[in-house]
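Have a look at the structure below before the remarks.
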Amino acid sequence: MKKRILVIEDNPMVVKSLEFKLNKDGYEVTVAPDGRVATEILKNNNFDLVITDLMLPFVTGSQLIELIKKETPETPIIVLSTATQEDIIMDAFTMGVDDFITKPFSPNELSLRVKRSLSK
Amino acid sequence: MDYRILIDIASWAFLVYAVVICSGYTFAALFSFLEIKEYKRIYNLPSEEVAMLQSSTLPPVSILAPAYNEEANVVENVRSMLTLNYPSYEIVVINDGSKDNTLQRLVETFSMVKDESLRYNSIPTQEVRGVYTSTIKAYKNLTVIDKANGGKADALNAGINNCKHDLICCIDVDCILENDALLKLVKPFLNNEKTVIASGGIIRVANSCIIEDGRIIEVRLPDKFVARAQILEYFRAFLMGRMAWSRLDGLLLISGAFGMFDKKIAIEAGGYNHKTVGEDMELLVRMRRMMRNKKIPYTVGFIPDPLCWTEVPQQWKVLHRQRNRWTRGTMETLWMHRKMLFNPKYKVLGMLSTPYWMFFEWLAPIIEFFGILFIILLYVLGFLNWTIFLSFFALVYFFSVLYSITAIFFEEYSFQQYKKPKYIFRLIGTAFAEPLFYHPFVMWAAIKGNIDLIRGKKTWGAMSRTGLSNPKK
Amino acid sequence: MEQIYENIYYNDWEWIVKLNILVSFVLILLSLILILFILYLRLFKNSRNLKKAEHYSRLSDFINNYLFDPDFDETETENFKNNFLKTNLQKKITTKEILIYNQNFKGEANDSIKKLFFSLDLDNIVFKDLKSLKWHRRTRGLYTVSSMGIKIQESLAVKLLNDKRSEVRLQALLYFIKLSQKYPLNFLYRLEEPLTIWQQVYLEDALKKYEEQVPDFSKWLTHKQQSVVIFCIKQIAVFNQYENIDQVMPFLESPEEELKRAAIRCMRKIGHEEAIDVLLTNFATESTEIKKEILKLITQIGDFNQLQTLSGLLTGNDEEMKIEYLKAEEHFLK
C-alpha cells in the first residue's frame, strides 16, 4: 500500500512541485491550498505524514498542528516554512512537529527527510 | 431691471464655481492616472517575499481593533486576523464597554486570563478595567482590553497605550483584510528617505461578496442600487481623489477603517481626539501640522491595492446618518485647524488640501443646495429660461457621468475586481442613474449634517449592520 | 438703455447655451469612447489571461518533468524552446516562473533550474532590459541577472547603482552582493544615496545567503551616509562580529539619536556588558526613547545593582519612566 501524504501550502508553484516529486517517489499525495480546506480534509481522512506551511490563509499552520496533535498524535508533521526566526522554530518543535525545513529548500533533501520521518 | 443684474451675477457665480470644480476633477483624474500607472509597474516588479518574511529588520506591528457590541462577529474576525501574512504582529481588541457578550466570547474562545503587568498611559482615556492575554500558544499574539465606554477615539487611545510595537494599524473590527494587507501597508514606512508618519489604503465595498471565515471568496456586485452607487463613489474617492492627493503629498484623510501610523508621532501629537466625530481625519491633520511646525521632513504613504473590504450601509436611513456624521467630522476638523487654511507655511496642505476640503467637500453640497433653491426661485418668479437651464443641466450631468465612467476605467485598468462581464454593464448603468437618484440624497444628508452641527449634535448615531457573513448556500 | 442690455443679455446666454450643448456632446462622446475602451480592455485582458493560464500549465508540467523525472529527455527542452517560446508574453512568463523556482529551491534543483534558463536562451532578452529607458524594465533585468548569476559590465552596474529610481538601486545593490567573489560590500564605497530600511532588509537577506566569508562591517562605520553606518552596526550584531565591538562603543555617545539607538541594540544582542556603565554616566540627559532602550539593555544583559543606580527615577516627575523602572525591577525580582 502506498503511504499517504497531505501537503498544505499556499504557493501554487511549491504545491505543484511537491506533488510531482512525491508522486515520483511513490507516495499518494493530497494537497490543500489553505488551512480551511486542510481542516476539512483532515476530518475525513487519515494520513501517514503531513507537510505544512505556517502562514496559511483562514487557519494558521500552528492551529493545524494543534488540531492534528489532538486528533492523531502519532502522525508525523514536517513544517516547510520561510521562517528562520529561532522562536518560531522552537514553538513548532514544542508543539510536537517532527522536522522543520526552511525555504528555500532542496527537494531532494525534503524527500529524504520524508522517508526518514515515515520510517520512524 | 435691478433684480435681473442680481440674477445675472448669481448665475455667473454658480458658473465660475462649476468651472473651477470641473477643472479640479479633471486634474485629479490626470494625476491619478499617472500614479496608478506607476503603481502598476511597482506592483508587477519581481518581489522576494521570502526575504521579507525572514528579515529581522521588518518592524513588528500592533493591530488595534475597537469593538462595540460585536458579539456576533468578533470571534470570526479575530480568527481571520490571526492568519495575516506578516512575520511579527500582535492583535489588540479593545472592548469599548460593550453591552453584549463581546468580552465573554473572546475570553472563552481564546482561553484568556487577566494580565496584571504595569502599564503606562501616554494618553488619558476612560477607565481600563482589565487587559487579557491567552494561555494558548497559537494565540499568544492576541490581547483584549476591557474598558469603560468612551467612543471609538477613546478606545483607540487605550489601544495605543497598551500595545507593544512602534507601528500601529487601526482597523474596524468588522473589516475584512486581505492576506498581505500588513506587508503592503508597511512598505511606505520602510521605503522612504523621509520620515513616514502614516500610510493608508483603499477601502472596498464588501456588500453581497461571498465571505467565508472572514475572507473574501468571490467579489460580487451588490443588487441594491444604493450599494452600487457607493461603489462608484468609493472608486472616485480612492482611485481618483486620494491617488492624486498622494502624488501631491497632500493627503488629509486616511480612512478610519484601515490605516497605519507611527505610534511615537501619534502619541506626541496627542492621540485621537474624542471630541470630534471625524477622529480619523483630525488625527492625521494634527500629526501633519505638528511635523510641519517642527520642520521635520515627512510624508504620508498610500497603497492603492484592494486591501480592506467593508460593508457600506444599504438602508437610506443608515446612509443618511453616516453622511451626516462625515460632514460634521469634516467641518469640525477644518474648524479646529482653520489656521492652516490658505497659510503658505503649510505648503500643499495650506494652499491646496485644506482649501480643497473646504470648497469641494464642505461647501459643494451647500452651494449645490442653494443652486437648486435658486432655480426653484427663478421658476416661481417666472424668470427661468428653460433652454439655458436644460443646457447647463445636461452639461453637469454628462460631466458627472463621464467622471464616474473614468473611475470605472481606472478600476478596469488597475485591479479589475468585478470579473463578470455583466457587472461592468451594471456599473456603467449605475453611473448614468447615480447623479439623478443617489447624489441628491447624499447632498441632503450633508446639508443636514451642517444644520445638526450648528445645533450642537455630537453623537455618532447607531450604525446597524446587516452582518457580514453570508448565509451558507 | 434697457434695449441694449437686453441684447447683450440674450446674445450672451445664447452663446453659452450653444457652448453648453457642444461641450455636452463632447462629454457624451468621450464617455462612449471610454466605455468602448473599457470593453476592449476587458476582452484584451481576458484573452491575455487565457493565454497566460495555458502557457503556465504547460510550462509547469515541463519544468517539473525536467527537474524530477529521471527519464526526462533533453530533446524535450529543444522542443519546448522551438514551439512554446515564440511570443514575448511566453518568454516573460517563462522567465518569471523560472525565477520563482530559483527563489524557492536550493541545492541540486536550483542548479538545474539555472541551467534550464540558459538552455532556453532566456538570457538574450535581459541585456535589452538593462539598457531600457523604462525604469521597471531596468529593475526587472537587474533582478534576473543577479538571480541567475550573470556577470554584466562593471561600468553599467555602477551606473545602475546610482540610478534615479530607488527600485533600480536596490536591485543593483543585490547584484553586487550576489555576484561578488570576495568583497560583497565594496560597492558601499561608491554609494551616494542613503540606504532605505527596505533596501536594508534585502541586503541582510542577501548577506545571509552569501556563501563566502561575510565582510568586516567595521570598514564602513565612517561612511558619510548615516543609514550605511546604522546598517553596519546592525549587521555587526546579526553576524556576531565581537571583534568589532570596540569600534561600535563610541557610537553610544553619538549626538545622533538613531546611531546611539542602533549601538545600544547592537550591545544588547551581542551581550556586551561594558556598554552599560558608559550609558549610565549620561543617563539623566538622554531622551525618553533612549532611556527605555537602556533599561531594556540592563534587564537583558545587566544586573540588579546597575538598575538600582537609576532608582532616582522612582522619585522623579516622569511617570512613564517610573513605570518602566518598576517593570524592569519586576523582571529582576521574579
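Read-outs: derived from the displayed coordinates by stated rules, not from any lab. Quick caveat, the model's predicted, so the values are computed rather than measured. Every residue, glycine among them, receives a Cβ derived from its backbone with ideal geometry; neighbour counts consider all protein chains shown.
Worth a mention:
- Here each label is just a point 7 Å from Cα along the line to Cβ, and for A:Glu74 and B:Gln416 those points are 5.2 nm apart.
- Shown is the FRET efficiency for C:Leu314 and C:Glu274, computed with R0 = 30 Å from the Cβ-Cβ distance and rounded to the nearest 0.05: 0.70.
- Here the label points at B:Asn121 and B:Phe342, each 7 Å from Cα along the C-beta direction, are separated by 4.2 nm in the simple model.
- Subset of B:Lys140/C:Lys234; C:Lys96/C:Lys219; C:Lys114/C:Lys234; B:Lys419/C:Lys51; C:Lys45/C:Lys96 violating a 25 Å alpha-carbon distance limit: B:Lys140/C:Lys234; C:Lys96/C:Lys219; C:Lys114/C:Lys234
- Using 0.36 nm per residue and subtracting the Cα-Cα separation, the extra length available between C:Glu192 and C:Gln226 on full extension is 11.1 nm.
- From its DSSP helices (H runs of at least four residues, each -39,500 (n - 2.57)), chain B gives a residue-normalised ellipticity at 222 nm of -15500 deg cm²/dmol.
- Reachable aspartates and glutamates, given that their alpha-carbon falls under 20 Å from the alpha-carbon of C:Lys334 and they are not under 8 places away in the same chain: B:Asp115, B:Glu116, C:Asp303, C:Glu324
- Gyration tensor (alpha-carbon) shape descriptor, segment A:4-118, a/c threshold 1.5: rounded
- Working from Cα pairs under 8 Å separated by at least six residues, relative contact order for segment A:4-118 is 23 percent.
- Footprinting exposure proxy for A:Leu80, B:Leu185, C:Leu22 (fewest neighbouring C-beta atoms within 10 Å first): C:Leu22, A:Leu80, B:Leu185
- For chain B, the relative contact order is 17 percent, taking Cα pairs closer than 8 Å that sit 6 or more residues apart in sequence and dividing their mean separation by the residue count.
- Lysine pairs with alpha-carbon atoms under 24 Å apart, segment A:4-118, spacing 8 or more or separate chains: 14
- Sequence-separation-based contact order of chain C, relative, with Cα cut under 8 Å and 6+ spacing, percent: 7 percent
- Between helix B:316-336 and chain B there is an angle of about 90 degrees, using the helix long axis and the longest principal axis of the Cα atoms.
- Lysines whose Cα lies under 17 Å from that of C:Lys322, excluding same-chain neighbours fewer than 8 positions away: C:Lys291, C:Lys292, C:Lys296
- Sorted by Cβ density within 10 Å, fewest first, the residues C:Tyr189, B:Tyr234: C:Tyr189, B:Tyr234
- Segment B:406-437: trypsin sites (Lys or Arg not before Pro) in DSSP coil with no more than 16 other Cβ atoms inside 10 Å: B:Lys419
- Cα long-axis angle, helix C:257-270 against chain C (0 to 90 degrees, to the nearest 10): 70 degrees
- Cα-projected label distance for B:Asn101 with C:Lys96, points at 7 Å along beta-carbon direction, nm: 4.9 nm
- Loop chymotrypsin sites (Phe, Trp or Tyr not before Pro), segment C:205-312 (other Cβ atoms within 10 Å of the site Cβ: 16 or fewer; DSSP): C:Tyr210, C:Phe239
- Per-peptide average of other Cβ atoms within 10 Å, ordering B:326-333, C:181-188 highest first: B:326-333, C:181-188
- Between 0 and 90°, nearest 10: helix C:75-84 axis offset from chain C longest Cα axis: 60 degrees
- Computed as a quarter of the hull surface, the mean projected area of the alpha carbon convex hull for the protein assembly as shown stands at 43.9 nm².
- Mean residue ellipticity, 222 nm, helices only, chain A: the sum of -39500 (n - 2.57) across DSSP H runs of n ≥ 4, divided by residue count and rounded to 500, is -14000 deg cm²/dmol.
- The mean count of C-beta atoms from other chains within 10 Å of the C-beta of residues in B:26-32, rounded to a whole number, is 0.
- As a proxy for reagent exposure, B:Cys209, B:Cys175, B:Cys22 were ordered by neighbouring Cβ count within 10 angstrom, fewest first; the result is B:Cys22, B:Cys209, B:Cys175.
- For chain C, the 222 nm mean residue ellipticity estimated from helices alone, with every DSSP H stretch of n ≥ 4 adding -39500 (n - 2.57) and the total spread over all residues, rounds to -23000 deg cm²/dmol.
- The charge dipole of chain B, taken about its Cα centre with unit charges on the Cβ of Lys, Arg, Asp and Glu (plus for the first two, minus for the last two), comes to roughly 580 debye.
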